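Each reported figure results from applying straightforward, stated rules to the coordinates on display, with no laboratory input. A quick note: this is a predicted structure, and the numbers were derived from the prediction, not measured. Note that each Cβ is placed from the backbone with ideal geometry, even for glycine, and that neighbours are counted across all protein chains shown.
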Amino acid sequence: MVEVERLLMLFRAFRERDDTAFYKAAESLIAEELTANHHGLAQELQEALGQSRPRRNASKSGNGLSTLPRDRRSGEQLISVQERPVDTSTLILTPGTEQQIRRVIQERENRLKLARCGYHPKSKLLFWGPPGCGKTLTAHYLAEEFNLPVGLVHLSALISSFLGDTASHLQRVFELAKASPMVLLLDEIDAVGKNRDDPNDVGELKRVVNGFLQAMDSFFSTESIVIGASNHQYLLDPAVWRRFDDVILFPMPGPKDRLQFVERLLNGVSYEGKMDSVAKKLAGLSFADIERVLVEAVKTQILQDRDNLTPSDVAAQLKSFKQPRSMARKRSEQRADE
Ligand SMILES: Nc1ncnc2c1ncn2[C@@H]1O[C@H](COP(=O)(O)OP(=O)(O)OP(=O)(O)O)[C@@H](O)[C@H]1O
Ligand SMILES: [Mg+2]
C-alpha cells in the first residue's frame, strides 16, 4: 500500500474517532518502516504511539475477556488473548495457499450476501505443514484482516489427567470464542485430535477426541474463527479433519517464494552478491530458518561495523546453522546402527 493511502487511513480514523482503525493504520506504517529496515524510525514511531492499543472487540461485546477460563484445580490459564501486534507484512504464501486464504477473506467480507442464500463463511480451518512455514503467522494475519484478537489455547493446561476435565476445558474455551469474537488458535492440534485407533490408547484418547468433536460440532459463530494447526495432519483422526470447513497446506518455500522472501528480508541491506544465488544456497530451509540465517548474517555485519553484507557472511551463518543439525542426524544414525 502506498504511503499516502496509509496517511489517509490515519486521518479518516482520527476524524471518525475509530481507535481500532487508527491503531491498525499506525501499526501498518510502523511495519512498513521495519520492512524497509528503518529500525530507528520504526522504534520512534512505536514509542510515539505508545503501548495502549485498544482491546479489539472485547469491549464491544463487554463479555469479559478479562475473565479467561482457567483449570479449576491448578488455576492455569486455558487460553491467552494476544493483543500484541505481530508483524505480518513479510508473510509470503505459496500460490495455492494464498488462493485458499483469499477465499476465506472473501467469504467473510461477503457474509451477508452468503447469508441471504442460507450459507455461512468458512469459520473452522485446519492449517498443516512443516514447522516454520507460516501457520501461526497466517492465523495472526487473518486476525489482523478481520480486526480480531488471537486467542491462543494452552494445550498443556487444556489436556488434563483428570477424567472429564479435558472435555469441559474444551467446551469452556469454545464457549469463550462463541461469546467473544476472536481467532481461536489451537496450535499442535494433533495433541487433542489424535487418531482414536491408536493401539497404545487406554480410553482417555477416545474421550479427548470425542470431547473435541462435540466442541467443534456445537461451535457456531458469525464472527470468530477456529484455526487448528498441525505438523502431522495424518496423525489426526479422520473425524476431526472432517469437522473443518477447509484444510490448508503450508508447504516449504519453493524457489520463487524463497527469492521473494530473501529480497524482502534484505530490503534496505546493501548486499555485495546476487539475491538469487543467496536464495539458491538457502534451498531446503523453511521460511523461519531462512529468516534466522539472514538475520544472524546481518547482525554480524552490524557488529563488525561493515557497510555491506557479503556472501561469506551468509555462508558462515548457513554453515553454523546446519552444523548442529547434521551432527544430531549422524548421532541418531550411529545409534540406529548399534
Ligand atoms: N510464509 C512465511 N512468510 C514469511 N515469514 C514466514 C513464513 N513462515 C514463517 N515465517 C517466519 O518464521 C516465523 C515462524 O513462523 P510460524 O510460527 O508461522 O511457523 P509455523 O508454521 O506456525 O511453525 P510451527 O509448525 O513450528 O508452529 C514467523 O514469525 C516468520 O518470521
Ligand atoms: Mg505455529
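Could you work out the relative contact order of the chain, using alpha carbon pairs under 8 angstrom and six or more residues apart, expressed as a whole percent? Numbers along the way, then the final one.
Details: 451 pairs, mean separation 60.6, N = 338.
Rounded, it is 18 percent for the chain.
Strictly over 21 Å apart at the Cα level, which of Lys24/Lys256; Lys280/Lys319; Lys274/Lys299; Lys256/Lys280; Lys280/Lys322 would you flag in this model? Before the final figure, lay out the partial values.
On the way: Lys24/Lys256 30 Å; Lys280/Lys319 14 Å; Lys274/Lys299 19 Å; Lys256/Lys280 10 Å; Lys280/Lys322 15 Å.
Those over the limit are Lys24/Lys256.
Where in the range 1-33 are there GluC sites (Glu not before Pro) that are in a DSSP coil and have at most 11 other Cβ atoms within 10 angstrom of their Cβ? Before the final figure, lay out the partial values.
Numbers: sites: Glu3, Glu5, Glu16, Glu27, Glu32, Glu33; in loops: Glu16.
Loop-located and lightly packed - Glu16.
Find which of Pro253, Ala215, Asn231 sits farthest along the positive direction of the dipole of the chain, computed with +1 on the beta-carbon of Lys and Arg, -1 on that of Asp and Glu, about the Cα centre.
Positive-end residue among those listed: Ala215.
Would you please put 75-82, 286-293 in order of how densely packed they are, using the mean number of other Cβ atoms within 10 angstrom per residue and starting with the highest?
Values: 75-82: 16.4, 286-293: 20.0.
Ranking, from highest mean packing down: 286-293, 75-82.
What residues have an amide H closer than 5 Å to that of Asp18, excluding those fewer than 5 places away on the same chain, when H is modeled at 1.01 Å from N in the peptide plane?
none
So what is the 222 nm mean residue ellipticity for the chain from helices alone, if each DSSP H run of at least 4 adds -39500 (n - 2.57) and you divide by all residues, rounding to the nearest 500 deg cm²/dmol? List each step's numbers first, then the result.
Values: 16 runs with 182 residues, N = 338.
Helix contribution divided over all residues of the chain: -16500 deg cm²/dmol.
Under 5 Å between amide hydrogens, which residues at least 5 positions from Ile79 or on another chain qualify, with H placed 1.01 Å from N in the peptide plane?
Residues meeting the criterion, in which the H sits 1.01 Å from N, are His154.
For a quick check: with amide H placed at 1.01 Å from N, whose amide H comes under 5 Å from Ile248's, ignoring anything fewer than 5 positions away on the same chain?
Placed amide hydrogens put Leu126, Phe127, Trp128 under 5 Å from Ile248.
Ordered by residue, what ³J(HN,Hα) values in Hz, to whole numbers, does the range 176-191 give under the Karplus form 6.51 cos²θ - 1.76 cosθ + 1.60, where θ = phi - 60° and Gly and Pro are x?
Going residue by residue, I get 4, 5, 5, 7, 10, x, 6, 9, 8, 9, 9, 6, 6, 5, 4, 5 Hz, with x marking Gly and Pro.
Over the range 3-49, what is the relative contact order in percent, taking alpha-carbon pairs closer than 8 angstrom and at least six residues apart?
30 percent.
Could you give the length gained on full extension between Leu114 and Ser332, defined as 0.36 nm per residue of separation minus the Cα-Cα distance, in nm?
73.1 nm
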